[in-house]
Amino acid sequence: MKREISELRMLVQQLRDENLLLKGGKDSRTSSTASSYNLGRSNRISLRASSGRKSGGQPGHSGSTLSMSDTPNETIDHYPCVCEQCGEDLQGVKSTSFSHRQMVDIPPIMPVYTEHRSHIKICPLCHLENRGSFPEDLQAPVQPVYENIRERIVESAVVGADETGCHVNGKKHWFHVWQTAVHTFIVSFAHRGYAVIEKYFADGFPVSVYVSDCWSSQLKVISKAHQLCMAHLLRELTNFEKNLKSRWSTQMKELFLSYVERSNGTLRQTNTHLRRKLLTFAKEMPYFMARIAVIILT
């Protein structure tokens with residue numbers, strides 16, 4: 001019994017140390033932490049596996065570059081006014097040739113108005129007044145398509161959400177995005193907090209599985225169910241695996257990747273092999289859950 005208590009105390013202390021490292025994000029360049037315990041930001045970790053090939057274009061790749069337009073919208077000529085060597089006035093001298101460069105600008109986005117007209121016809125037989133039907137998603141006299149996209153996302157079974165920093169007129173803003181398999185809704189806001197979500201999706205996503213990272217604002221969203229983003233989970237597990245040498249994170253990562261491969265239809269293993277792998281992991285689940293519980297509670 002004493003031995004078990006001692007081992008448990010050592011385990012708890014180890015997990016507390018790991019938890020402190022995770023919260024502090026220390027590394028050996030900025031603190032006295034050993035280099036073996038370096039912890040970077042998980043969102044900077046690449047999940048791309050090495051292909052064994054050199055970076056850049058591969059042999060046989062044709063490549064592409066931005067081409068000049070044969071019919072530019074505007075042409076601006078630049079003439080030399082005086083000779084650079086003797087200072088002679090060149091304004092009356094005709095040019096013999098020219099070189100050219102082109103600047104490509106994206107024009108301002110202009111709204112396109114599509115008017116729908118519901119015509120009225122009176123039946124010559126019974127004199128009933130008949131009206132043409134408007135599209136189901138056109139409910140207001142003036143309704144942006146953007147609003148239709150927002151409504152379709154709210155009705156979706158699965159919704160993915162995230163946010164990323166950006167600059168608008170030199171000031172820090174955030175792009176907030178909600179997406180499904182066919183719709184994407186993006187807004188730019190000066191804040192990252194829950195108020196943004198509340199403004200555009202005040203009632204949450206009552207019929208949706210909401211997929212996001214662990215940002216507190218995202219976890220507050222009302223939804224049918226919450227799911228943590230697989231990419232974020234894999235980056236966190238890779239962080240633990242590389243910097244904390246955590247065995248459980250390696251096992252969990254392998255399990256997640258096997259499900260990803262299975263869902264993508266690329267799993268080459270037999271179902272028997274997969275079941276054996278899941279059963280092996282299930283036997284260690286109580287120990288794994290105990291470790292997770294200690295990390296959360298300490």
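Each reported figure results from applying straightforward, stated rules to the coordinates on display, with no laboratory input. Everything numeric in this text was worked out from a predicted model, so none of it was measured. Cβ sites come from the backbone with ideal geometry, for glycine too, and all protein chains shown count toward neighbours.
Loop-located trypsin sites (Lys or Arg not before Pro) in segment 220-249 (DSSP state not H, G, I, E or B) with no more than 16 neighbouring Cβ atoms inside 10 Å: 220, 245. Other residues lying with their Cβ under 11 Å from the Cβ of residue 250 contribute a combined charge of +2, Lys and Arg counting +1, Asp and Glu -1.
With a cut-off of 14 Å on the backbone N, the residues of segment 130-170 near the modelled label site 7 Å out from residue 231 along Cα-Cβ are 160-165. Label separation (residue 171 vs residue 214): 3.2 nm, computed from points 7 Å beyond Cα along the C-beta direction.
Cα centroids of segment 85-128 and segment 177-243: 39 Å apart. Legend: calculated FRET efficiency, residue 90 to residue 65, from the Cβ-Cβ distance at R0 = 51 Å, rounded to 0.05, equals 0.90. Oblate is the label for segment 75-180. Its Cα gyration tensor axes, ordered a ≥ b ≥ c, give a/c of at least 1.5 and b/c at or above a/b.
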